[in-house]
Amino acid sequence: MSPSYRTLWISDTHLGTEAARATDLLQFLDHVSADTIYLVGDIIDLEQMRERPIFPDTHRQVLLRFLELSNSGTRVIYIPGNHDHDFRSLVGRDICGIPVMQEAEHTTAAGERLLIAHGDVLDGRMNRGGSQHTLGVAAYRLVMRVDVTINYFGRFLGQDHLPITARIKEYIQAANQYILRFEKTAASYAEERGYDGIVCGHIHRPCIRRVGDTLYANDGDWVEHRTALGEGEDGKLEVLQWKSGAIQTRP
């Protein structure tokens, strides 16, 4: 029996690029259901498509699947990110019945008020770190490119996803410091605005943890990690990962 969740958060699918794991995402959606799905930005990579426009049928099928879910009773909400920011011009309207929002507020079954945002709004705060921030961003993006490239070719050899990024990050201090700083910045941003926590994407690093009294949760991506966040009926959040043809949970 497919697992059912009160809420799902999915972001950073980067459809329109060769790195997108659209087939895996379609299989994931076949194996899970939810009352509400938040699409938390960078669903279509419009920036990359301007340079090299591609959009395979599997990518189109992902979009159609979200529309089908919306039409069949699932509440689907779309929050554009920095790679699909052009759709922010539609905030306050809807796309085929799916409302487009700059950000959203979600109350869990446990009563926690969570801010839902892509996460690029935090880039301005992160930039205050000067040269240290610049080094961290460069290191992190380099690791991401290595991961995407190796796994892209690995797919043609029939290999399952290799967690290259996670392993390399363990040895690159600047990348680790950038991630930790982002998480703390996000938690502080939510706390300042009176929320109990925040759910975002943007940095492609799935995580659920407490920063002080504030919940920080990141749903990861469908380029490197193939992850989403799920909220159970008790309000507990968990990281869901599509791996070896099945949904696995991570703490």
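The values are calculated or read from the model by the stated rules, or taken from the named source; none is laboratory data. In this text the structure is predicted, and so the values were computed from the model without any measurement. Quick reminder, even Gly has a Cβ in these numbers, built from the backbone with ideal geometry, and neighbours come from all protein chains shown. Quick note on the areas: whole protein, heavy atoms, side chains included, nothing else; ligands and nucleic acids left out. Shrake-Rupley method; radii C 1.70, N 1.55, O 1.52, S 1.80 Å.
Would you confirm, using the coordinates I've provided, whether P80 is touching a helix residue (DSSP H, G or I) at 6+ places or on another chain (Cβ under 6 Å) and either over 18 Å from L237 (Cα atoms) or of a type outside the set (A, V, I, L, M, F, W, C) (or both)?
On the way: touching a helix residue (DSSP H, G or I) at 6+ places or on another chain (Cβ under 6 Å): yes; either over 18 Å from L237 (Cα atoms) or of a type outside the set (A, V, I, L, M, F, W, C) (or both): yes.
So P80 passes the test.
Which is surrounded by fewer than 21 Cβ atoms within 10 Å (Cβ to Cβ) and either assigned to a loop (DSSP other than H, G, I, E, B) or modelled with pLDDT under 95 (or both), of I203, I168? Just a single option satisfies the conditions, and that option is I168. Scanning region 47-66 for residues that are open to solvent by less than 100 Å² (accessible area, probe 1.4 Å), closer than 17 Å to T23 by Cα and out of contact with any Ser or Thr (no Cβ under 8 Å at 6 or more places or on another chain) turns up F55, P56, D57, H59, Q61, L63, L64, R65, F66. Taking (1) at pLDDT below 95; (2) surrounded by 15 or more Cβ atoms within 10 Å (Cβ to Cβ) in turn, L157 satisfies each apart from (2). Scanning region 80-118 for residues that are open to solvent by less than 10 Å² (accessible area, probe 1.4 Å) and over 18 Å from the mean Cα position of the chain (by Cα) yields one hit, T108. Here F28 meets each of (1) open to solvent by less than 10 Å² (accessible area, probe 1.4 Å); (2) in a loop (DSSP other than H, G, I, E, B); (3) on the phi < 0 side of the Ramachandran plot with one exception, condition (2). Taking region 222-244 as the range and being at pLDDT 95 or above and over 16 Å from the mean Cα position of the chain (by Cα) as the test, the residues that pass are G232, E233, D234, G235, K236. Among the criteria (1) out of contact with any strand residue (DSSP E or B) (no Cβ under 9 Å at 6 or more places or on another chain); (2) surrounded by fewer than 22 Cβ atoms within 10 Å (Cβ to Cβ), the one A20 does not fulfil is (2).
Only one of the numbered conditions (1) surrounded by fewer than 23 Cβ atoms within 10 Å (Cβ to Cβ); (2) under 21 Å from A104 (Cβ atoms) is violated by G245, and that is (2).
Filter region 218-236 for residues that are in a strand (DSSP E or B) and crowded, with 24+ Cβ neighbours inside 10 Å and give the result. Residues satisfying the conditions are N218, T227, A228, L229, E231.
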